[in-house]
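Below you'll find the structure, written out as structure tokens, and then a few comments.
What follows draws every value from the coordinates through simple rules; no lab data is involved. Since this is a predicted model, take the numbers as computed values, not measurements. A quick note on method: Cβ atoms are made from the backbone with ideal geometry, for glycine too, and the neighbour counts reach across all protein chains shown.
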Amino acid sequence: MNDGLLRVDGVYQRFGGIRAVNGATFDVAPQSITALIGPNGAGKTTLFNVVTGFYKGDSGVVRFDGDNVFRKSPNAIANRGMVRTFQITKALAAMPVIDNMMLAAPDQPGERFVNLFIRPAAVRSREKEVREEAMEMLEVFNLTKLSDSYAGTLSGGQRKLLELARALMAKPKLLLLDEPMAGINPTLGKRLLDHMQRLRKEEGVTFLFIEHDMEVVMNHADKVVVMAEGKVIASGDPENVRNDKKVIDAYLGGEAHETKAKT
Amino acid sequence: MIDPLLAVSFEAFTQPGFWIGVGVIAGIYTLLALGLQLNVGFTGIVNFGQAAFMAVGAYTMAILVIKAGFSFWLALPASVLITIGFGMIVGLPALRLRADYFAIATIALAEVVRLTAQNARDLTGGNQGLSCSDDDAGLCYFNEWRDVSDSINSFIESTIWSDPEQLFPLLLVTWAVVLIATVGLTYVTNTPWGRVLRAVREDEDAALALGKNALRYKLQSLAISATLGAIGGFFFALNLAAIYPVNFEPQVTFFAFSVLILGGLANYKGVAFGAVLFWFVLEGTRFLDLPDPPFTETRIAALRLAITGMLLILLMAFRPQGLFGKKEEMVLGE
């Protein structure tokens with residue numbers, strides 16, 4: 001339990017009277033591929049937003065790599081190595097693909113205004129490195145030919161790849177992906193999953209991803225966390241979760257639901 | 001002989017005074033609009049408060065010279081710093097607002113500044129304007145500039161032009177600053193720093209998710225814009241020899257936006273062209289020679305704005321990206 005890279009403990013997020021996340025607790029082991037599943041409205045994306053600092057949760061603890069990052073700013077959390085993608089891709093449309101990629105690279109002194117004037121050589125040499133890294137990463141994702149195109153001209157699937165490639169440029173320890181397979185064709189999806197497996201093995205990247213495609217979840221995740229109505233109702237390896245009665249009830253609307261609906 | 005319906009007396013256009021006047025005001029608006037370009041075109045913050053920065057810069061400079069006895073040359077950097085400080089105080093809360101609310105907040109701010117200048121009469125002279133100290137010392141904010149201006153003109157007189165216009169040195173200095181600002185902004189925007197600005201413009205959440213402190217970049221963008229606004233304010237003050245609250249009406253910011261749109265978004269070199277074109281049309285139409293009834297002076301004044309507006313409409317219809325803007329960036333922005 002103590003070696004979780006990410007430990008989410010008793011996180012609450014209310015919107016007015018709606019308890020979107022209602023005491024969620026789970027952890028993500030280092031170098032694992034963990035799937036976060038649950039029916040629509042279970043609070044998965046909201047939880048992502050709380051964990052990554054985009055929402056300021058009401059209460060709870062989010063421990064990442066040893067530090068509590070709960071209610072920290074999203075940029076501070078990202079700089080610690082927890083990088084996310086969005087359900088609706090956020091390609092920076094009016095910027096070329098290569099600029100999207102280079103933006104994400106860490107440790108560029110030229111992102112501080114004064115360094116443009118006092119350390120121009122350091123800025124230039126880092127920029128050269130970053131460009132090379134970015135081109136290599138684009139190669140991996142078969143986006144090389146599009147490097148100078150505006151990101152807004154890419155197809156939906158290409159944007160998903162770009163967003164993943166861009167997130168990887170940030171050298172994350174933990175990558176949170178919100179429905180990475182949604183809206184992309186199965187061949188591309190397969191390639192994306194292969195990338196994830198390879199990155200986990202070669203670079204030691206940990207993944208937490210929201211997914212609705214059960215086949216993907218069952219075949220590719222080491223661990224599955226199931227949410228329903230703002231709570232984590234089950235977690236464990238895919239096989240156990242699949243046969244968990246609470247999970248089946250949550251998805252199919254089991255007994256507990258029906259009685260509640262009647263009263 | 002029948003008077004032509006629409007006529008312009010072209011004589012005015014042969015006078016150097018006309019061109020120098022247009023040149024100075026166009027240079028000033030280039031500076032204002034360069035700041036807006038950085039804010040609107042590259043950072044995605046819709047700053048409608050450029051007139052406020054201009055007013056704070058101009059008034060602070062004049063007050064420091066006249067009331068606090070500062071040297072003009074020291075008052076310039078001091079008032080730039082004060083304008084930046086003012087921009088930060090305003091930006092820190094206002095930049096947390098969504099883009100459209102920020103725009104509303106800044107236009108309100110500009111009016112607060114103008115109305116304050118109008119009513120803080122002891123400090124600003126109110127509607128009487130601010131120019132020189134009340135006593136007999138003859139301390140005016142422009143005295144030290146006039147000395148420099150005169151020596152530039154006497155140098156010109158002895159070399160290339162026997163009878164230089166009084167405003168000619170101001171024209172030279174304004175455009176020298178325009179050149180420096182255009183080159184400087186082009187440089188900083190093409191760096192990793194500028195890349196973060198564009199990312200913030202495109203999608204603030206995406207920038208945050210990649211670890212960029214969006215608010216910090218927006219504040220820096222606003223600080224640079226405030227600096228350019230203040231410098232524009234100095235030149236404005238020197239051009240007029242007195243500062244009045246009416247000089248800083250929201251119209252100033254709207255004119256600067258017109259310049260920006262004419263020149264094209266996300267492009268610095270277009271700004272100067274936009275400013276010259278805008279002020280050439282607006283000032284040139286001053287010489288519209290139309291039969292007095294029905295075209296009274298006030299009607300012609302209104303007509304000038306209508307013609308300028310028409311120019312903008314035509315531009316939007318046939319070249320929505322402006323003179324130098326990139327169409328792709330405009331279409332893909334949304």
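Details
- The stretch A:88-155-the stretch B:279-334 distance, computed between alpha-carbon centres (Å): 39
- Residues B:PHE254 and B:ALA99, FRET efficiency given R0 of 22 Å [Cβ-Cβ distance, rounded to 0.05]: 0.80
- Peptide A:109-115 has a mean shielding of 6, counted as Cβ atoms of other protein chains within 10 Å of each residue's Cβ.
- Over 17 Å [Cα-Cα, the stretch A:92-153], rounded percent: 43
- For chain B, projected area of the alpha-carbon convex hull averaged over all directions, nm²: 20.3
- Förster radius 25 Å - calculated FRET efficiency between A:THR153 and B:ASP205, Cβ distance, rounded to 0.05: 0.75
- This model, with +1 at the C-beta of Lys and Arg and -1 at the C-beta of Asp and Glu, gives the stretch A:92-153 a dipole about its Cα centre of some 240 debye.
- Highest-fluctuation residue, B:SER162, B:SER133, B:SER225 considered, GNM on chain B with Cα pairs under 10 Å: B:SER162
- Share of alpha-carbon pairs per 10 Å distance bin for the stretch B:6-61, given as whole %: 20, 33, 26, 19, 3
- Neighbourhood charge, 13 Å Cβ-Cβ cut-off, centred on B:LEU38 and excluding it, Lys, Arg +1 and Asp, Glu -1: +3
- Our note on the geometry: Cα centres of the stretch A:53-82 and the stretch B:153-193, 50 Å apart.
- Alpha-carbon radius of gyration plus Dmax, which is the widest Cα pair, for chain A in Å: 19.6, 71
- Estimated from helical segments only, the mean residue ellipticity of the protein assembly as shown at 222 nm is -18000 deg cm²/dmol, where each DSSP H run of four or more residues counts as -39500 (n - 2.57).
- Euclidean distance between Cα centres, the stretch B:49-86 to the stretch B:211-245, Å: 11
- Straight-distance crosslink candidates among aspartates and glutamates, where the alpha carbon sits under 20 Å from A:LYS128 and sequence neighbours closer than 8 are dropped: A:ASP99, A:ASP107, A:GLU111, A:GLU136, A:GLU139, A:ASP148
- Start at zero, step by 5 Å, and the Cα-Cα distances of the stretch A:105-194 spread as 3, 12, 20, 19, 18, 12, 8, 5, 2, 1 percent across the bins.
- Packing, taken as the mean count of other beta carbons within 10 Å per residue, orders the peptides A:115-122, A:218-225, B:259-266, A:180-187 from highest to lowest as B:259-266, A:218-225, A:180-187, A:115-122.
- Percent of beta bridges antiparallel (DSSP, the protein assembly as shown, rounded to nearest 5): 60
- Gaussian network model of chain B, Cα within-10 Å springs - most flexible of B:VAL178, B:VAL46, B:VAL112: B:VAL112
- For chain A, share of DSSP beta bridges that run antiparallel, in % to the nearest 5: 55
- Residue among B:GLU111, B:GLU249, B:GLU11 with the largest mean-square fluctuation in a Gaussian network model of chain B, springs linking Cα atoms under 10 Å: B:GLU11
- With both labels modelled 7 Å from their Cα along Cα-to-Cβ, the A:ILE18 to A:GLU215 distance reads 3.2 nm.
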